[in-house]
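Only one structure is covered here, and it is reproduced in the block below.
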Amino acid sequence: MLHWPDTMFTYYSKDAILFSNDAFGQHYACEGMFNDKADQSELYQEALKYYANILTPFSPQVTRKINEVLAMNLPLNMICPSHGIIWRQQPEQIVHQYLEWADNYQENQITILYDTMWDGTGKMAESIKKGIKQTNDDVVIKLYNVSRSDMNDVISEVFKSKFVLAGSPTINRGILSAMAGILEVIQGLKFKNKKGAAFGTYGWSGESPSLLKESLEKCGFEVMDDVVKSLWNPNEEVVENCMALGRKIGEDCL
């Protein structure tokens, strides 16, 4: 049940090869075919992206199945997934990496997701980022306009993050569709042990920050009560409120 119910491992004992089907693979092609011939940073980013976007909901099963296989003490010369590179140099490295990713994985990172109509919400996102840096210069901050970014890349950064912020203008008493879509995906992936906060702009009714807060709670995040809203484009007071929110989040992530 790692990815699909019909996914099976096959172990070829003569040459100690594990045909791992969907496990340990990537949506990635390399001319050299083998892990020792691939760019290591690119390879591991693609492997993490595959895990984050597909296998995260099955992390408990990942841990159980890997420990079950490791307990067999089988010799292992090669792992051949159904797609992606072939692991032949220290093939066990990706096995242990999966155990790490399955254990509520986090890096020292904050990801800010937003969509914007006239750049007001974008300015708020930038101000929050500045505020974070004022109190925590060590944390990595990723900033994504979700309507202009690859969703799989965004999900990978959310997977790595300890804190996730979501921002959107209000439209038709709701939020912009790109933000709604990615929050729906995040909710389905069941990320654990993450915190969140919401912000947004409005011209009339102004529901977006409260709706984003509810969505982040449905994602299972521990969401801050602090919500920053801006009527039209943010003025100096709103910018300062955004930076104050950022400073608070930066301190929380020390």
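Readers should treat all values here as calculations from the given coordinates under stated rules, not as data from a laboratory. Just so we're clear, the structure is a prediction, and the values are computed from it rather than from any experiment. No Cβ is skipped: glycine too gets one built from the backbone with ideal geometry, and neighbour counts run over all protein chains shown.
Data table
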quantity: Too-long pairs where the Cα-Cα distance tops 20 Å, listed order kept, from Lys129/Lys162; Lys130/Lys162; Lys194/Lys218; Lys192/Lys229; calculated: Lys192/Lys229
quantity: Filter on Lys65/Lys213; Lys14/Lys160; Lys160/Lys248 - keep pairs with C-alpha separation over 28 Å; calculated: Lys65/Lys213; Lys14/Lys160
quantity: Nonlocal amide H pairs with Thr201, under 5 Å, H built at 1.01 Å; calculated: Ser168, Thr170, Ser230
quantity: Rounded if a/c under 1.5, otherwise prolate or oblate - region 4-53, Cα gyration tensor axes; calculated: oblate
quantity: At least 20 Å along the helix axis (C-alpha) and Kyte average at least -0.5, DSSP helices within the chain; calculated: 236-252
quantity: Volume of the Cα convex hull of the chain, divided per residue and given in Å³; calculated: 128
quantity: FRET E, pair Arg88, Asp138, Förster distance 25 Å, beta-carbon r, rounded to 0.05; calculated: 0.10
quantity: Cα-based reach from Lys37 at 20 Å (exclusive), listing lysines while leaving out same-chain residues under 8 positions away; calculated: Lys49
quantity: Residue with peak Gaussian network fluctuation, the chain [Cα springs, cutoff 10 Å], from Lys14, Lys190, Lys162; calculated: Lys14
quantity: Anisotropy class of region 10-102 from Cα gyration tensor, a/c 1.5 cut; calculated: oblate
